[in-house]
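Structure record follows, encoded as structure tokens.
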Amino acid sequence: MTKSSRPESLHSAGRKVRLHESIAAHLLLVVAVAFALYPILWVIALAFSGAADLEPRVLPLPIEPTLEHLRGVVGSTLKAPGEPERWLFGIQLLNSIVVSLATAAVGILIAVPTAYALARFEFVGKDAGLRTLLATQMFPAVASAIPLYLILDALGLLGSRSGLVLCYATTSVPFAIFQLRGAFETIPRDLEEAAMVDGATRFAAFIKVVLPAARPAIAVTALFAFMSAYNEFVLAHTMLGHEELYTLPVVLQRYISEFSADWPKFAAGSLLVSLPVMLLFYIAQRHLVAGLTAGGVKG
């Protein structure tokens, strides 16, 4: 073998190794995706199957496909004496979206200035405040259900969406503060100082420089706050006493009773409940990519 042929053979062997590594990596990804999607395929099969009982099988496909279960969930109505019939599922969907958006908005509005102050300034009680916030994250939200119930009852907010938003804010605000504090600490102070050298005030530098640079972190934090409120069940079931005030997780629970379970309708409701979150993820993903690619420092 000549010297010129050796580099070619080594290069060919290297390409084969890289090809085998690529094939192995893609096979592992396909297996991981299959494991993740398999339960979802069963939910879809249950939601669209007209058969009374689905036998366990390897490939989950709907048997006798039908939209009856979806229509049963979406078409639920509420008829009060002397009042016109109302679309109950639409009201409950609106409840979930309004409560979740309000929770995310309250969390972000309180957490953004608080996290910025904790990241940029030194003041008396800063360390103690951070430790207190950290301590609140050590307990599950359900542990505060009884105190929150008594507080809302004293304030006259029990059984209202506003009261439920306040309950969710007790957990979303500390979480958002910790998330955004870390994000603000990663933003160089030089950006603000450069803006203030050009004549901007501290507040103007915060609005025009810091907030755009922290947009991806704010979007992620708002998304998690929305999802935590949207998926929460225990507090919503405890604080809301009327069917027309229920959020969607509470609605799904009515299909599962102590002695029976309507799994097809539960599956259909689960798919419908997940649609707003999937849409929100799609919209937020585009904004996150735009925010991440628009770097604050170029050099």
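The values are calculated or read from the model by the stated rules, or taken from the named source; none is laboratory data. Predicted model, so just to flag it, every value in this text is computed and none were measured. Each accessible area value is taken on the protein alone, full model and side chains, heavy atoms only, with ligands, DNA and RNA left out. Shrake-Rupley method; radii C 1.70, N 1.55, O 1.52, S 1.80 Å.
Here are some notes:
- Glu193, Glu64, Glu244, reordered so the largest accessible area comes first (probe 1.4 Å): Glu64, Glu193, Glu244
- Accessible surface of Ser162, taken over heavy atoms with a 1.4 Å probe and every protein chain present, rounds to 70 Å².
- Relative contact order [Cα under 8 Å, 6+ residues apart], the chain, whole percent: 24 percent
- For region 56-137, accessible area per residue (1.4 Å probe, heavy atoms of protein chains only), Å²: 58 Å²
- Over every Cα atom in the chain, the radius of gyration and the widest Cα-Cα span, Dmax, amount to 26.1, 98 Å.
- Accessible surface comparison of Phe224, Phe175, probe 1.4 Å, protein chains only, largest first: the order is Phe224, Phe175.
- Of the solvent-accessible surface of region 45-115, computed with a 1.4 Å probe and all protein chains present, 71% belongs to carbon and sulfur.
- Measuring nothing but how far apart in sequence close Cα pairs (under 8 Å, 6+ apart) lie, relative to its length, region 64-124 scores a relative contact order of 18 percent.
- Nonlocal amide H pairs with Gly50, under 5 Å, H built at 1.01 Å: Ile63, Glu64, Thr66
- Lysine-lysine proximity count for the chain, Cα under 26 Å, sequence distance 8 or more or distinct chains: 4
- Here the contact order of region 107-186, divided by its residue count and restricted to Cα pairs under 8 Å and six or more residues apart, works out to 65 percent.
- Counted as membrane-span-like here are DSSP H helices of the chain whose alpha-carbon atoms extend 18 Å or more along the helix's own axis and whose Kyte-Doolittle mean is 0.0 or above; these are 5-48, 88-120, 161-186, 215-231, 263-293.
- Summed over qualifying helices (DSSP H, 4 residues or more, each -39500 (n - 2.57)) and divided by its residue number, the chain shows a 222 nm mean residue ellipticity of -23000 deg cm²/dmol.
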